[in-house]
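Here the structure is laid out as structure tokens; the discussion comes afterwards.
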Amino acid sequence: MIIQYLYHKLSCMKYLVLLLLMVFCFAGSAQVYLQLEIFNDPKALKYSVGDHITYQTYYDPGQWNRGEIQEIMVKENTIVLDNAILRLEDATGFMLYRNSVKYLGGTMQTFGIIWLAQGAIAATFGRNTSWKTVLGIGGGSWVGGWLFRKLFYKIPINLNEKNRLRIIDTRFSIPDKS
């Protein structure tokens with residue numbers, strides 16, 4: 001009797017959990033986000049509240065600013081960051097980052113440091129290695145990783161008529177704040 005009761009309760013809970021998951025999935029798909037469209041790239045990059053962005057403005061050329069998106073205002077075409085308010089018309093540049101390059105370069109640098117440390121110990125005690133080999137392999141690996149990160153990690157995007165930032169609003173209804 002008790003087992004049948006528990007089985008009935010668990011089967012009802014299963015449907016309730018499924019219903020709640022469906023409601024949350026549909027509510028999560030409607031949102032407001034910042035979209036970066038790059039010329040000749042079919043996939044647009046999307047940034048929402050809480051994401052960090054690096055941008056450049058026309059009134060501060062040559063200076064890259066970084067901020068976390070706090071609010072996206074659709075009607076004003078403006079983004080409120082934690083350190084500034086950015087109108088999309090004022091943005092002239094956007095910085096993208098390649099995380100795979102960051103990790104590969106960091107791995108090469110870590111290998112170089114470990115090789116230098118182990119090679120220095122082996123060369124000090126005369127364990128069939130020379131300082132020239134240790135410095136060549138370890139130092140070369142470290143410098144190679146550093147150069148790889150410096151040259152290929154950052155991708156500056158110039159915003160113009162081909163590359164642009166837009167605010168996309170996919171909500172079904174816009175809440176009235178009056």
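The values are calculated or read from the model by the stated rules, or taken from the named source; none is laboratory data. Computed from a prediction, not measured in an experiment: that's the story for all the values here. Here the Cβ is made from the backbone with ideal geometry for all residues, glycine too, and neighbour counts use every protein chain on show. Note: accessible area is taken over every heavy atom of the protein model, side chains too, but ligands, DNA and RNA are not part of it. Shrake-Rupley method; radii C 1.70, N 1.55, O 1.52, S 1.80 Å.
Odds and ends about this structure:
- Heavy-atom surface analysis with a 1.4 Å probe gives the stretch 40-178 a carbon and sulfur content of 56 percent of its accessible area.
- Within a straight-line Cα-Cα reach of under 12 Å, residue 162 can be paired with the following aspartates and glutamates, leaving aside sequence neighbours fewer than 8 residues apart in one chain: 37, 41.
- Convex hull (Cα only) mean projected area of the stretch 78-137, reported in nm² to one decimal: 7.1 nm²
- Where GluC sites (Glu not before Pro) fall in DSSP loop in the stretch 25-108, at most 12 other Cβ within 10 Å: 76
- Gain upon complete extension [residue 44, residue 98; 0.36 nm per residue less C-alpha separation]: 17.9 nm
- Kirkwood hydrodynamic radius of the stretch 31-178, Cα pairs, Å: 18.5 Å
- Pairs beyond 21 Å (Cα-Cα), from 46/150; 75/154; 43/75; 46/75; 102/132: 46/150; 75/154; 43/75; 102/132
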